[in-house]
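The values are calculated or read from the model by the stated rules, or taken from the named source; none is laboratory data. Values in this document were obtained by computation on a predicted structure and should not be read as measured data. Here Cβ is always computed from backbone atoms with ideal geometry, including for glycine, and neighbour counts include all displayed protein chains. Ligands, DNA and RNA are excluded from the accessible area calculation, which covers all protein heavy atoms including side chains. Shrake-Rupley method; radii C 1.70, N 1.55, O 1.52, S 1.80 Å.
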Amino acid sequence: MSPETAINVDHVGMVFTLDDGTELTAVRDVDIKIGKGEFVALLGPSGCGKSTILRLVAALEEASFGRVTIEGQDPAELSRAHRLGVAFQDHALLPWLTVKDNVALPYKVAGKKVDTTRVKELLELVGLGKFAGARPSQLSGGMRQRVSIARALVLRPDVLLLDEPFGALDAVTRRHMNVELQRIWAEDEVTTLLVTHSVEEALFLADRVLVMTGRPGTVAMEMKIPFARPRDPSIQRTPEFHAMADKLTLALEPEA
Amino acid sequence: MTGFATRARGFLAKYWGVIGVLLLWQGWVWAKDLNAIVMPQPLDVVRDLVTNPGIYLSNAALTLTLAALGLVMGMALGTAIAVLAWTSRLLSGILIPLGLIFSSVPVVALIPILARLLGYDVKTVLAIVVIISFFPAFVFTSAGLRALPPGSEDLFRVFGSSPWQRFIRLVLPSAVPSWMIALRLSAPPAVLSAMVAEFLMGTSGLGYMFRQSAADFQTDRAFGTSVVATAISVLCFTLATLAEKRVNARWS
Amino acid sequence: MRLSRPQIQDLALGVLGILLFLLGWELIGFYKLAGLTWPRFSTVMEYLFDPSRRGLFGRAMGASFSMILGGYLLGFLIGLGAAMLSYTLKPMQPGIDRLASTINAIPPIALAPLFIVLLSREVTGMAIATINVFFVIYVAATSGLEKSRQNHRDLFKVLGASKSTRMLRLDLPAALPSIVSGMKYATPAAFIGAILGEWFGASRGLGLLMVSAMQNFQIPLLWSAVFIASAASLIAFGLMSLLERFVHGRFS
Ligand SMILES: Nc1ncnc2c1ncn2[C@@H]1O[C@H](COP(=O)(O)OP(=O)(O)OP(=O)(O)O)[C@@H](O)[C@H]1O
Ligand SMILES: [Mg+2]
């Protein structure tokens, strides 16, 4: 772990009150520290509370127990200062804006002047320079996801939060997108929390993988990923990669 | 005690707007020191309502009867023609656009024409309500007859049911929700157009009463008529909405 | 725009229906099947386009259309404003909802005396049109403003959007399809309001023309006035439908 802690999820628990009044503990005693510039992947089966953790870091929820801070501050302060970048599984592009305007949206929301060269550069970086004037409905699923990642990065955020950004894509496109994401991320090396179901995705992208399991979810295992960057897709065929993948897969299986 | 307080709070949360407007009205009458002929106080209106219930009731009953009867007849006619049009591509192709056109023009503007055409008479009021209720019933039933649950038609064909059976058991029932929408949409205009027709022709009923009292400067009665008209309109709308909810609950 | 075969058929049948309607109108008038108060279509058109009456119709249209347009704009602004208010200040919503539906439940005929006293006879039509439009827009806009999707709201929150930024860049654009549909249905409502208002004693306008022609047996004048109002409303409705199609294609 890098010496400086950027994101500190400090013994956090989250209890939801359902419509019928019953209480549901989504996560319990989760303790995660993410260093500055570190890329951490949160891996786990459906319903173990990965999105809940990400939403807590994004200030979309308030922790019931414990506390989340980013560089010592409340996450809500970062979002108010427009220093968070986020991409969801569902691209969440605004259908009435063009690709270019969608990427420029964070500037407008922050009340800043749109840096058109930055928008253009990012669109080139995600390989959509030619589609600047298109509408989201005219793009494929993979292209939309790239736009939403460009939008997440456009303000050079302090923290990048990705909740299964490629979850809805087919396996081939997904692998391709992972290679792209690694390349894009390498430009800035921004502190990143990636939520994913996919063992391969986590291994290929992250500096460190955390496995969450159980209901309520807790962190069951932690693994450092030693591959040097930039990583070539071919590392996914190495024996080390396979060994680590097996270990993670085993950790994911609940006491089987 | 606390139960009462929370209930009062709930009531206020819902009705602060209405209460505010009533207070503004009363305050405005005071502030401008208006003459009772120009603007009656809410209290005068209530007094006239309470002391002369007979005249209000008989006129309201007449208007309500005409509106309800006209609504039922208009809906029946609209439904019948929609069913007829459903049987033929030619007929529906011709009639549905016309129905849409007529239901998007201001139909109350037809009242003077109908009044002249049919003569100043109670029957004309009825005819006006029938015609005004006809178009929504026709348009919505036509749409409903075409909105079959997906796949159900094939199912009936596989069962080898006759066209008549198919119509009775499948097509007609699936048109019921749209028909209920037509009923809800037509109920307030039915009351309104009955009253407007009565007002314009000066025959009988609430519209006539309203016109007469306004002409005689009986402003408290004119406003009393307004109150009764509002009550009837709300009643019809509420009944139609309740009927729609009931039917929808059974149908889905 | 390329049309498919059934679409061409629909269009042809629709046009056929309109032609048959006009032909029927003409023939009933020609053979006097409905008496002397049913003029031929051609008579009405001749009357309508007679140069000597250009001034008469021009003035009436000017008066009515300015009331309709004024009422429409005012009703639109108030309706949208109220919807935005009740959306931003959620605790106020039940009160505003209740006030809006109470005002809507009062039949225009009952509101007329209030407006005549409060405002003046001349603008009563505009006031009723305003109320009619207000309600349609309020209902459409409140339901539209709830339509922004959860993930978009999350996005705006993470990006640190202020309430006003979110309203401008998310809630309003997401509500636009509903608002434009509301604008479409508000057009006949505005016409109805203005005409009704004029019936309660305006000194100009198409509504006045209708009532006085009805009372004085000026049959072609009566039909011409109704024709103008219906045609204008239909054209406005058609234009709004085009706008609606554009907006629905773009914003949803
Ligand atoms: N707003 C909420 N209200 C009530 N319960 C919630 C809410 N959000 C999440 N939960 C519950 O919390 C638990 C964890 O949900 P979460 O979405 O974090 O899981 P996840 O690991 O992201 O799953 P997936 O991989 O399917 O996205 C689930 O049982 C879910 O039903
Ligand atoms: Mg999730």
For the range C:104-204, Kirkwood radius (reciprocal of mean inverse C-alpha pair distance, Å): 15.4 Å
Residue-wise HN-Hα coupling along the range C:237-252, computed from phi with Karplus coefficients 6.51, -1.76, 1.60 (Hz; x: Gly, Pro): 4, x, 5, 5, 5, 5, 4, 4, 4, 4, 5, 5, x, 8, 9, 9
The answer for the per residue Cα convex hull volume of the range A:17-76, in Å³, is 100 Å³
Additional length obtainable on full extension of the chain from C:L119 to C:A34, 0.36 nm per residue less Cα span: 26.5 nm
Could you tell me the largest-minus-smallest coordinate of the C-alpha atoms of chain A on each of the three principal axes, in descending order and whole angstroms? 50, 46, 39
Under 5 Å, built H, 5+ apart or other chain: amide partners of B:S204: none
For the range A:217-256, what is the convex hull volume of the alpha-carbon atoms per residue, in Å³? 88 Å³
Among C:S203, C:I228, C:M240, whose Cα projects farthest towards the positive end of the dipole of the range C:146-252, with charges put on the beta-carbon of Lys, Arg (+1) and Asp, Glu (-1)? C:M240
Solvent-free Debye scattering, log10 I(q)/I(0), computed from the Cα coordinates of chain C at q = 0.08, 0.11, 0.16, 0.17 Å⁻¹: -0.43, -0.75, -1.17, -1.23
Please compute the volume of the convex hull spanned by the alpha-carbon atoms of the range C:42-92 and report it per residue in Å³. 81 Å³
Largest first and to the nearest Å, give the Cα extent of the protein assembly as shown along each principal axis. 98, 67, 55
Expressed as a whole-number percentage, the relative contact order of chain A with C-alpha contacts under 8 angstrom and at least six residues apart is 25 percent
If a paramagnetic tag sat 7 Å from the Cα of B:A243 along the Cα-Cβ line, which residues of the range B:74-103 would have the backbone N under 15 Å from that point? B:74-80
If the label point is 7 Å along Cα→Cβ of B:S88, which residues in the range C:7-31 have backbone nitrogen under 19 Å from it? C:9-25
Quick check on chain B: what are the equivalent-ellipsoid semi-axes from the Cα gyration tensor, as sqrt(5λ), descending, whole Å? 42, 26, 14
Give the long-range amide H neighbours of A:M212: residues separated by 5 or more places, or on another chain, with amide H under 5 Å away, using H modelled in the peptide plane at 1.01 Å from N. A:L43, A:G44, A:A220
Karplus-derived 3J(HN,Hα), 6.51/-1.76/1.60, for each residue of the range B:167-178, Hz, glycine and proline x: 5, 5, 8, 10, 5, 5, x, 6, 8, 4, x, 5
Excluding same-chain residues fewer than 8 positions from A:K224, which lysines have a Cα within less than 17 Å of its Cα? A:K33, A:K36, A:K247
Within the range A:84-176, trypsin sites (Lys or Arg not before Pro) in DSSP loop having at most 16 other beta-carbon neighbours inside 10 Å: A:K112, A:K113
Any idea of the total accessible area buried by the C-B contact, 1.4 Å probe, rounded to 100 Å²? 4300 Å²
In terms of Cα to Cα distance under 29 Å, which lysines are near enough to C:K163, apart from those fewer than 8 places away along the same chain? A:K50, A:K100, A:K108, A:K112, A:K113, A:K120, B:K14, C:K90, C:K147, C:K184
Leaving out ligands and nucleic acids, note down the accessible area per residue over the protein assembly as shown with a 1.4 angstrom probe, in whole Å². 47 Å²
Over chain C, what relative contact order in percent results from Cα pairs under 8 Å that are six or more residues apart? 24 percent
Accessible area, 1.4 Å probe, largest first: how do B:C236, A:C48 sort? B:C236, A:C48
Explain nothing, just the number: dipole magnitude of chain A about its Cα centre with +1 on each Lys and Arg Cβ and -1 on each Asp and Glu Cβ, in debye rounded to the nearest 20. 1080 debye
Show the residues, 5+ positions off or on another chain, whose built amide H is closer than 5 Å to the amide H of A:V27. A:M14, A:G217
Compute the Rg to Rh ratio over the range A:150-256 from the alpha carbon atoms, using the Kirkwood formula for Rh, and round to two decimal places. 0.96
Can you tell me the mean projection area, over all orientations, of the convex hull of the range B:10-77's alpha carbons? Units nm², please. 7.8 nm²
Taking a label point 7 Å from the Cα of B:L22 along Cα-to-Cβ, the residues of the range C:85-100 whose backbone nitrogen sits under 14 Å from it are C:99
So what is the relative contact order of chain B, in percent, for Cα pairs below 8 Å that sit 6 or more residues apart? 26 percent
For the range C:15-91, which trypsin sites (Lys or Arg not before Pro) pass both filters: DSSP loop (anything but H, G, I, E, B) and at most 15 other C-beta atoms within 10 Å? C:K32
On the protein heavy atoms, probe 1.4 angstrom, tell me the percent of accessible surface of the protein assembly as shown carried by carbon and sulfur. 64 percent
Put a dot 7 Å past each Cα toward the Cβ at B:F159 and A:T22; how far apart are the dots in nm? 3.8 nm
In deg cm²/dmol, rounded to 500, what helix-only [θ] at 222 nm does the protein assembly as shown give when every DSSP H run of at least 4 residues adds -39500 (n - 2.57) and the total is split over its residues? -21500 deg cm²/dmol
